[in-house]
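What follows is a short report on a single structure.
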2 protein chains.
Amino acid sequence: MPKIFIEQQNKMFEYVPNKNLLQLLLENEVFVDNPCNGKGSCGKCKIRLLEGNLPDLSETERKLLKKEEMNAGIRLSCLVVPQEDIVIEILQKERKHEILTTGYMPDFDFNPAIHKEIFEIKKPTLENQISLEDSICNTFGIEKCDWKLLQQHEMIYGKVTGVFNGEDLIGIEAGDTKKNIYGVAIDIGTTTVVTALIDMNTGNELGTASMINPQKKFGMDVLTRISYVLEHPKDAKEELKHAIVNAINEMIEDMCNQSKIDRKNIYEIAIAANCTMMHFLLGVDATDIGKSPYAPVFVKSKNIRANDIGLKAHVGARLYCLPSVSSYIGADIVAGAYVCELHRASKNILFIDIGTNGEIVLSNHGKLLSCSCAAGPALEGMNISSGMRAAEGAIEDVKITENGIEMKVIGNEEPIGICGSGILAAVKELVRIAVIKKDGAFIKKEKLEETDYRYDMIQLDGRKREFVLKRSPEKLLITQADVRQVQLAKGAILSGFYALLKRANIDMHKLDKVMIAGQFGSHLSADSLVGTGILPEEIKDKLVYVGNSSKTGAYMALMSIDAKQQIEELAHQMDYMELGASEGYERLFAQCLLFTNR
Amino acid sequence: MPKIFIEQQNKMFEYVPNKNLLQLLLENEVFVDNPCNGKGSCGKCKIRLLEGNLPDLSETERKLLKKEEMNAGIRLSCLVVPQEDIVIEILQKERKHEILTTGYMPDFDFNPAIHKEIFEIKKPTLENQISLEDSICNTFGIEKCDWKLLQQHEMIYGKVTGVFNGEDLIGIEAGDTKKNIYGVAIDIGTTTVVTALIDMNTGNELGTASMINPQKKFGMDVLTRISYVLEHPKDAKEELKHAIVNAINEMIEDMCNQSKIDRKNIYEIAIAANCTMMHFLLGVDATDIGKSPYAPVFVKSKNIRANDIGLKAHVGARLYCLPSVSSYIGADIVAGAYVCELHRASKNILFIDIGTNGEIVLSNHGKLLSCSCAAGPALEGMNISSGMRAAEGAIEDVKITENGIEMKVIGNEEPIGICGSGILAAVKELVRIAVIKKDGAFIKKEKLEETDYRYDMIQLDGRKREFVLKRSPEKLLITQADVRQVQLAKGAILSGFYALLKRANIDMHKLDKVMIAGQFGSHLSADSLVGTGILPEEIKDKLVYVGNSSKTGAYMALMSIDAKQQIEELAHQMDYMELGASEGYERLFAQCLLFTNR
């Protein structure tokens, strides 16, 4: 079989020559960014051929690659099917991502469903040959034992510790083990997964771990992953489940090793995630989430045996999945609304989680109404010509003045791309300095004086205008298409915002607080959000950043059986408004696309 | 690797030369009878070497084999470790066993836990994006769905059939599938497994299948299988479970193929078995059943997902395990007692299941008391010098008169051994014609006249006396040791019988009925049972044979949710008396060992 050697990773694998290079790389755990999921449209999955031959350049590659790239041997991996031994270089580095693991949390009383109690089990005798199950039932005052618990046990007598989930016995341990009782709180995002190991006796977070969601190899966003399921009906559900379960197992192992804790003493894993991620986690068909009328298979909370989906912890450990409201208002948003106490608000509070989807929840004195807007991946730095996720080397802020362009780069490195907050800041600046007009179009370069400081910042690629952030060593541009991406995000979120207020009949000035949640939201400054008009100027002073409220909600569910119940009630009571089905939405959306130069 | 070729099966396999020949044969699914479980004591695992070499005869083989056997190349497979290519002949044939699948059953009303109902599930719309789970809950009036049911489903709408286990929804099928609803009733014996495929709409038995319990390769009886678990703590539980689950799956497949039924329409499997077999089935540790104070891990009924132990049927199909009373009064006896309506008896009824263990249940006007006696395998034709199980070629009845020995052979073949009913009949005859004395010893040959018809029937092997049933082509003998085995069985059962009556304070003459259950019991004639004194003369006319009441009990549980409940109550109410712990038992046992020549 021919081989592929990846130069900088010193990694080699053999392959059967019938798949494209991107597929081969992903299958062999070599990550290559591919926002379009290998459809040959984004032009991102670049590699450089160092040795060996690849088939000739295709039409599509010629269109998507620059001349100098083609000369340098750069190819789009999804568009070439290798046939022989090759040596290649991956052009994107797996970089350290900034993942947010903390955030706001209200005070609450610890009262976890999981708890331990000490008992004494008597030994059977010839006169009383009582079965272990009957002994356990008598000792713990229960009617019957979970048979899987019996399957684990040899006879056990004397002092024992019973592990309970609410009133259900889920484990029996010899001796007094009350001091060892741990749980895990998890936020599964489409892009990142954040886990925290919790000492359930104290509520302390002993450690955290996070990683890029490994399901990325099946598609960057929810819809491409759902497409993957449609295209691979036989295996995809299992593959997606396996990928996320493995990732969680790895992170739990890391945290346990670091805290020197036995994973057998983890008795519950509480997970918040969007509705699609939750379906994938349980191996449930999610394809209907991707098509009208967007009905999911389930939204209710799930309390199941963690082991049943392959999670490794105590054999009887529980998996608690927080409830969703609808396909596009997932448990992550329910968690956030709960953490922000929207259900108890005595005012008007708006909650926004900004990501590929922007989810908005309005609390009108505790009455909850939500909607979801397809913001697109621009605010996450994706589908942007020089875009990247928030990682080392990403431009995260931009200021443009007569003196030039000032940029803030994550990790203080040489910039290699621009992340969501950076693109937003840049667009805000371009609007402010009137390089971008109200309708989102670049101004014509010829309308500027050559002495204007903006003149040299604009370049023409054929008839397309581009803004040059940086000329060398690699050019970093903001293209007209990039601006359109941001504009779509702005239109989607702002129109959702207005539609929700209108439906609830609340005037914008009556909003008391706007809470910004989520991984990406926390990187988007009030200046940028308001400056680009994603949110109206009026609420600028009312913004509160709450961080990863999804993980916090999972933590609260873990640490309080009351929180679980309240979260379920909250999900049940939250109304959902389908924007596409609301009257006059198309016109509102068109209006919201416009930039306002203040 | 060297090879072993089995002549008459035309089967060949390779092996790593470090195990004994018996192990190698069993591992490769070549069955060799080995009542002592390869311990080198029973001398039963004979094979004949046809080509190649084996290590020299060991001391033990010289002791256990006859001279002519050694000359003919016969070896004991558990005592030789082959090193090279050999061709061998297996000396026991896998014979068609007579397995009892039917029996007595009282009238009862069908009211199975499993049932189907037809519903209509509405399609979601953009205005009402209801989740599938919520639709199902609304439609079926339930609070939540089993998540594994959701895992199976894509969206399903319109007319559907709900499959229920009691009130729990276990399946949803498109359209009206009410006419396809099947179940399986099973009796797992230590030696044989009997299954029946049931149409749950009509209660009709569509087919049956039975086979030797494949766990036999881990030991012939309960205790040797438990020893196997002790010797292989890592894998044995899984191996034993796997063996029986596979066997059941095979039989279900056979029955389904024959009846042209899809196994996906099997929704419940009801199983009766002794307590150890039930532990093995669920992969539960059974080792404590083998040692004082003989406390099992569980006796309660189990109602679990069949799939969870690997049984293949509908994905949501249930496994119902009938309850036991104690380690040695298993669900098979509970089933039998229920089928014989002992709990409702308005008289005094005794129930006996005769096998390796003899279980006795006394119903004193519905009050139940049970005991178990270690009868040993003699009545199943095992541990007997010429013994075999009830299969073609087995002598099943014997009459001895002045005119000679008359024998009845299963399948009307040339006799090759003697099964339980045969050995019992023979001993009864030997007692009757006074070849065996009251204490069980053979009379001295020299005390007989040479003209006595019995004179030539007795031969001496050194100082040991033997009764010759048949001289050629192979000698079939009844040895003093064989008689002792029967005597032990008699002592055990009869003493249990008396002890139970004594504890209940019931005079033997007040017994109204004695019900004989079980595979082996049904082959033992009243003449033999009473003639050998296993049961007293007084009850001879009160005997009723009820057949495989264990399987019948499983069938009734399958077809009636009330039966399940009543069976559980019966098990809970049945008292158990440990004979070993009862006063004066040793003396009673000694008395019961004596034969009575009437």
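The values are calculated or read from the model by the stated rules, or taken from the named source; none is laboratory data. Everything quoted here is computed from the prediction, not taken from an experiment. Using ideal geometry, Cβ is built from the backbone for each residue, glycine included, and neighbour counts are taken over all protein chains shown.
Yes or no, residue by residue, for (1) modelled with pLDDT of 90 or more; (2) closer than 30 Å to A:ASP562 by Cβ:
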| position | (1), (2) |
| --- | --- |
| A:ARG344 | yes, yes |
| A:ASN348 | yes, yes |
| A:GLY381 | no, no |
| A:MET388 | no, no |
| A:GLY404 | yes, no |
| A:ILE410 | no, no |
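Output yes when any residue across region B:177-184 is among the polar types (S, T, N, Q), buried (at least 22 other Cβ atoms within 10 Å of the Cβ) and not in a strand (DSSP E or B), and no when none is. Taking every residue of region B:177-184 in turn, none turns out to be among the polar types (S, T, N, Q), buried (at least 22 other Cβ atoms within 10 Å of the Cβ) and not in a strand (DSSP E or B). Pairing residues of region B:285-312 that are farther than 22 Å from A:SER131 by Cα and facing another protein chain (nearest Cβ under 9 Å) with residues that are at pLDDT below 95 and surrounded by fewer than 24 Cβ atoms within 10 Å (Cβ to Cβ), at Cβ distances under 9 Å and at least 6 apart in sequence or on separate chains, gives B:ASP308/A:TRP147; B:ASP308/A:LYS148.
Residues in region B:45-70 that are part of a loop (DSSP other than H, G, I, E, B) and touching a residue at least 12 places away in the same chain (Cβ under 8 Å) were compared, and the one that is nearest to B:LEU476 (Cα to Cα) is B:LEU65. Taken together, the residues in region A:567-598 that are within 25 Å of the chain's Cα centre (by Cα), surrounded by fewer than 18 Cβ atoms within 10 Å (Cβ to Cβ) and in a helix (DSSP H, G or I) amount to 5. The lone criterion from (1) in a loop (DSSP other than H, G, I, E, B); (2) closer than 30 Å to A:GLN487 by Cα; (3) not β-branched (Val, Ile, Thr) left unmet by A:ASP332 is number (1). The sole residue among A:ILE156, A:ILE181 that is modelled with pLDDT under 95 and not acidic (Asp, Glu) is A:ILE156. The residue pairs whose first member lies in region A:140-152 and is more than 7 Å from chain B (Cβ to nearest Cβ), whose second member is surrounded by 16 or more Cβ atoms within 10 Å (Cβ to Cβ) and hydrophobic (A, V, I, L, M, F, W, C), and whose beta carbons are closer than 6 Å, counting only pairs six or more residues apart or on different chains, are A:PHE140/A:LEU169; A:ILE142/A:LEU169; A:CYS145/A:ILE136. For the condition assigned by TED's automatic domain parsing to the domain that holds B:VAL398 and surrounded by 23 or more Cβ atoms within 10 Å (Cβ to Cβ), B:LEU535 qualifies.
Within region A:513-532, the residues that satisfy the criterion of being part of a loop (DSSP other than H, G, I, E, B) and either among the aliphatic types (A, V, I, L, M) or surrounded by 23 or more Cβ atoms within 10 Å (Cβ to Cβ) (or both) are A:GLY518, A:GLN519, A:PHE520, A:LEU524, A:THR532. Would you mention how many residues in region A:322-331 are away from every other protein chain (no Cβ under 13 Å) and of a type outside the set (A, V, I, L, M)? Summing the residues that are away from every other protein chain (no Cβ under 13 Å) and of a type outside the set (A, V, I, L, M) in region A:322-331 gives 0.
Looking at region B:567-578, which of its residues are within 13 Å of A:ASN128 (Cα to Cα) and within 11 Å of another protein chain (Cβ to nearest Cβ)? Listed by number, the residues that qualify are B:TYR576, B:MET577, B:GLU578.
Kindly evaluate B:GLU466 against the criterion of being of a type outside the set (Ser, Thr, Tyr), in a loop (DSSP other than H, G, I, E, B) and farther than 30 Å from B:GLU583 by Cα. No: the conditions fail for B:GLU466. A:ASP452 meets each of the listed conditions (1) buried (at least 17 other Cβ atoms within 10 Å of the Cβ); (2) in a loop (DSSP other than H, G, I, E, B) apart from (1). Contact list please: Cβ distance under 9 Å, first residue in region A:127-139 and touching a residue at least 12 places away in the same chain (Cβ under 8 Å) and more than 7 Å from chain B (Cβ to nearest Cβ), second residue small (Gly, Ala, Ser) and surrounded by 16 or more Cβ atoms within 10 Å (Cβ to Cβ), pairs at least six apart or on different chains. That search, which allows pairs on different chains as well, returns A:SER135/B:ALA295; A:ILE136/A:GLY162; A:THR139/A:GLY162. Would you check if A:ASP176 is within 10 Å of another protein chain (Cβ to nearest Cβ) and in contact (Cβ under 8 Å) with a residue 40 or more places away in the chain? In short, no. So which residues in region A:272-282 are more than 11 Å from A:GLY330 (Cβ to Cβ) and outside any helix (DSSP H, G or I), if there are any at all? Answer for region A:272-282, where residues must be more than 11 Å from A:GLY330 (Cβ to Cβ) and outside any helix (DSSP H, G or I): just A:LEU282. The residue that is nearest to the other protein chains (Cβ to nearest Cβ), counting only those in region A:112-126 that are hydrophobic (A, V, I, L, M, F, W, C) and either assigned to a helix (DSSP H, G or I) or farther than 27 Å from A:SER560 by Cα (or both), is A:LEU126.
Please find, among B:LYS63, B:LYS44, B:LYS67, the residue that is of a type in the set (D, E, K, R) and touching an Asp or Glu at 6+ places or on another chain (Cβ under 8 Å).
Working: B:LYS63 fails: touching an Asp or Glu at 6+ places or on another chain (Cβ under 8 Å); B:LYS67 fails: touching an Asp or Glu at 6+ places or on another chain (Cβ under 8 Å).
Among B:LYS63, B:LYS44, B:LYS67, only B:LYS44 is of a type in the set (D, E, K, R) and touching an Asp or Glu at 6+ places or on another chain (Cβ under 8 Å).
When B:LEU319 is tested against (1) over 18 Å from A:ASP134 (Cα atoms); (2) within 14 Å of chain A (Cβ to nearest Cβ); (3) not in a strand (DSSP E or B), only condition (3) is not met. From the list B:ILE384, B:ILE395, B:ILE458, B:ILE410, the one residue that fits, being out of contact with any Gly (no Cβ under 8 Å at 6 or more places or on another chain), of a type in the set (A, V, I, L, M), buried (at least 17 other Cβ atoms within 10 Å of the Cβ) and within 16 Å of B:SER528 (Cβ to Cβ), is B:ILE384. Within region B:139-153, being of a type outside the set (Ser, Thr, Tyr) and surrounded by 13 or more Cβ atoms within 10 Å (Cβ to Cβ) holds for B:PHE140, B:ILE142, B:LYS144, B:CYS145, B:ASP146, B:TRP147, B:LYS148, B:LEU149, B:LEU150, B:GLN151, B:GLN152, B:HIS153.
Within region A:470-512, the set of residues being among the small types (Gly, Ala, Ser) and surrounded by 16 or more Cβ atoms within 10 Å (Cβ to Cβ) comprises A:ALA489, A:GLY491, A:ALA492, A:SER495, A:GLY496, A:ALA499, A:ALA504. Scan region B:155-173 for residues that are in contact (Cβ under 8 Å) with a residue 40 or more places away in the chain and farther than 30 Å from A:SER292 by Cα and the total you get is 3.
Of the residues screened, B:HIS314 is one that is crowded, with 20+ Cβ neighbours inside 10 Å and not in a strand (DSSP E or B).
Among the residues making up region A:579-598, those that are out of contact with any Asp or Glu (no Cβ under 9 Å at 6 or more places or on another chain) and more than 14 Å from chain B (Cβ to nearest Cβ) are A:GLY584, A:GLU586, A:ARG587, A:LEU588, A:PHE589, A:ALA590, A:GLN591, A:CYS592, A:ASN597. Among the residues examined, B:THR190 qualifies as in the same structural domain as B:GLY316 (by TED's automatic domain parsing), buried (at least 18 other Cβ atoms within 10 Å of the Cβ) and assigned to a loop (DSSP other than H, G, I, E, B).
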